[in-house]
Amino acid sequence: MHSEKPNLDWATAEDAYHIINGLLAHVGAANDLIALFASLLGEAGAKTLVETPQWADYMGTRRLMEQLKPELDKFSATMQELAKDRPDREEEE
């Protein structure tokens, strides 16, 4: 059975771009908050924190985000380039 994939329309691509940017902004804010909490805990508290499975999970996902950065940058640049010629763009006066 052969099924055709639907074409990605501009609205869907733009929605994905905004969702990804929103998630990245949230991740950045969460990283800053975690760093602040760790500094407030002091050395002993931070040591206890980094020995938890939750910290290991956090660091794993943080490394993943760092690995994805080139792809995210490429996606962002592509979307910005496509936005110049988007089909539903209103003419600026």
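Checking each residue of region 78-90 against the condition of being loosely packed, with under 11 Cβ neighbours inside 10 Å, among the acidic types (D, E) and under 11 Å from the mean Cα position of the chain (by Cα) gives no match.
Any residue that is at pLDDT below 90 and either among the hydrophobic types (A, V, I, L, M, F, W, C) or within 19 Å of the chain's Cα centre (by Cα) (or both) - is there at least one of those in region 22-33?
There is no residue in region 22-33 that is at pLDDT below 90 and either among the hydrophobic types (A, V, I, L, M, F, W, C) or within 19 Å of the chain's Cα centre (by Cα) (or both).
Residues in region 55-87 that are within 13 Å of E14 (Cα to Cα) and of a type outside the set (D, E, K, R): F75, S76, A77, T78, M79, Q80, L82, A83, P87.
For region 24-36, a residue qualifies if it is surrounded by 11 or more Cβ atoms within 10 Å (Cβ to Cβ) and closer than 18 Å to M79 by Cβ, and exactly one does: L24.
The values are calculated or read from the model by the stated rules, or taken from the named source; none is laboratory data. Just so it is clear, the structure is predicted and the values come from calculations on it, not from any experiment. Reconstructed Cβ throughout: ideal geometry from the backbone, glycine too, with neighbour counts over all protein chains shown.
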